[in-house]
Amino acid sequence: MNVLRFEDLAAQGKAAGQRVFIRADLNVPLDDSGRITEDTRIRASVPCIELALKAGAAVMVTSHLGRPTEGEFKPADSLAPVAKRLGELLGRDVPVIANWVDGVQVAPGQVVLLENCRVNKGEKKNSEELSRKMAALCDIFVHDAFGTAHRAEASTYGIAQFAKIACAGPLLAAEIDAITKALANPKRPLVAIVAGSKVSTKLTILQSLAKNVDQLIVGGGIANTFLLAAGLPIGKSLVEADLVGEAKAVIEAMKARGAAVPIPTDVVTAKAFAADAPATVKAASAVEADDLILDIGPETSARLAAQLKAAGTIVWNGPVGVFEFDAFAHGTETLARAIAASDAFSIAGGGDTLAAIAKYGIEKDVGYISTGGGAFLEVLEGKTLPAFEILQRRAG
């Protein structure tokens with residue numbers, strides 16, 4: 001994907017003495033007392049900021065936090081806790097600037113954090129007036145927030161239209177490279193795992209991947225709809241019976257080009273949805289009317305694990321069972337460990353997937369862990385993200 005990269009500009013000395021505006025994703029979870037509970041996104045934003053400082057730029061960074069009301073700033077919306085943590089990571093003071101749209105004082109070698117960008121009127125609607133004002137603040141705009149790449153807002157899209165130079169930061173560039181490697185020119189076989197509670201939320205992803213992947217592994221509630229489509233009993237499991245036709249169409253589309261949707265041959269069931277419910281392994285054809293399917297069985301897990309180990313590329317979105325309950329976590333753990341052991345290039349994304357990766361400690365063995373939830377899903381759907389589109393246009 002042809003976009004201008006900030007790393008190249010910095011290496012060429014083109015950022016020295018320039019005003020650099022970085023749109024980062026610092027939207028971290030806070031507890032009731034305003035303390036950060038998980039700082040991955042802040043840590044992920046540091047390389048871009050350090051790159052700009054080392055290059056001798058005057059650095060402005062902004063992000064959204066939570067869901068503030070435009071035009072009404074409240075103390076709970078403040079990026080102050082983020083500035084404190086960022087300062088600790090950078091080893092320097094990071095001042096927070098409010099009411100910054102009409103001008104910011106920052107010298108080369110300094111960094112300031114511009115208060116929550118979603119408080120600005122016109123941010124979400126990508127107002128041209130706001131976008132032009134933001135663009136006027138800088139010489140170089142750097143988009144480094146993949147988590148917002150699927151939204152065309154003033155601080156992610158409009159500013160990129162009007163800034164003198166618009167480029168991708170290292171985090172966004174890494175996402176572009178990983179996505180291109182996994183989906184545009186994958187090493188075959190390409191295996192995708194798409195799991196989650198509902199087919200309806202992932203239907204367009206399933207349809208898009210059905211055109212491209214060699215194996216489409218479905219899990220969670222989605223798998224139940226596919227089991228039903230294959231004529232198997234699912235008891236009282238979570239299912240979308242009205243989407244059986246769509247599931248059959250995905251199976252047929254894959255079959256037509258010699259690819260497959262492997263249907264589970266055994267499952268783990270319980271009579272109640274609870275962590276302490278007794279777990280029973282049974283053949284997929286033997287599910288009883290009062291059974292809930294909460295995981296794939298060991299035979300299915302082993303077969304899928306073998307496919308993953310033989311894969312060239314793996315795309316992973318979603319655990320295949322209720323992995324929060326240990327009795328129903330074996331399927332997800334088996335696949336996670338198979339992905340970790342595989343020589344395939346793997347890309348994983350989505351909140352529950354990241355939780356599973358953390359639970360089994362395989363972060364170092366996954367090729368690329370995507371930081372974006374909605375953005376990652378839209379890429380899997382085959383959509384061109386607004387951020388990529390505008391940066392490509394500016395590069396052209």
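The values are calculated or read from the model by the stated rules, or taken from the named source; none is laboratory data. Just so we're clear, the structure is a prediction, and the values are computed from it rather than from any experiment. Cβ: placed from backbone, ideal geometry, glycine included. Neighbour counts: every protein chain shown. The area values use the complete protein model at the heavy-atom level, side chains included, leaving out ligands, DNA and RNA. Shrake-Rupley method; radii C 1.70, N 1.55, O 1.52, S 1.80 Å.
Brief remarks on what is shown
- Any hit, segment 46-58, residues being crowded, with 20+ Cβ neighbours inside 10 Å and under 11 Å from N116 (Cβ atoms): no
- Whichever residue in segment 148-167 is in contact with a strand residue (DSSP E or B) (Cβ under 7 Å, 6 or more places away or on another chain) and among the hydrophobic types (A, V, I, L, M, F, W, C) and, among such residues, is most open to solvent (accessible area, probe 1.4 Å): I165
- One residue stands out in segment 133-147 among those that are part of a strand (DSSP E or B) and over 22 Å from the mean Cα position of the chain (by Cα): the one that is surrounded by the fewest Cβ atoms within 10 Å (Cβ to Cβ), namely I140.
- For the condition at pLDDT below 95, of a type in the set (G, A, S) and closer than 22 Å to A375 by Cβ, A184 qualifies.
- Of all residues in segment 115-126 being over 14 Å from T62 (Cα atoms) and buried (at least 18 other Cβ atoms within 10 Å of the Cβ), the one that is farthest from the chain's Cα centre (by Cα): G122
- For D343, the criteria (1) part of a helix (DSSP H, G or I); (2) open to solvent by 10 Å² or more (accessible area, probe 1.4 Å); (3) at pLDDT 95 or above; (4) not β-branched (V, I, T) hold in every case but one, which is (1).
- Selection of first residues in segment 129-145 that are touching a residue at least 40 places away in the same chain (Cβ under 8 Å) and of second residues that are among the acidic types (D, E), restricted to Cβ pairs under 6 Å at least 6 apart or on distinct chains, gives the following pairs, ordered by first then second residue: A145/D25.
- Segment 207-244, subset of a type in the set (D, E, K, R) and either within 15 Å of L380 (Cβ to Cβ) or not in a loop (DSSP other than H, G, I, E, B) (or both), residue least open to solvent (accessible area, probe 1.4 Å): D242
- Sole exception among (1) within 17 Å of F6 (Cα to Cα); (2) surrounded by 15 or more Cβ atoms within 10 Å (Cβ to Cβ); (3) not aliphatic (A, V, I, L, M) for D77, by number: (1)
- Of the residues making up segment 366-386, not one is more than 14 Å from I179 (Cα to Cα) and touching a strand residue (DSSP E or B) at 6+ places or on another chain (Cβ under 8 Å).
- Some residue of segment 373-381 being in a loop (DSSP other than H, G, I, E, B) and closer than 26 Å to A160 by Cα: yes
- Number of the exception - L335 against (1) assigned to a helix (DSSP H, G or I); (2) touching a residue at least 60 places away in the same chain (Cβ under 8 Å); (3) touching a strand residue (DSSP E or B) at 6+ places or on another chain (Cβ under 6 Å): (3)
- Residue in segment 346-367 that is in a loop (DSSP other than H, G, I, E, B) and of a type in the set (D, E, K, R) present: no
- R23 satisfies every condition listed in (1) basic (K, R); (2) more than 19 Å from the chain's Cα centre (by Cα); (3) within 16 Å of A168 (Cα to Cα) except (2).
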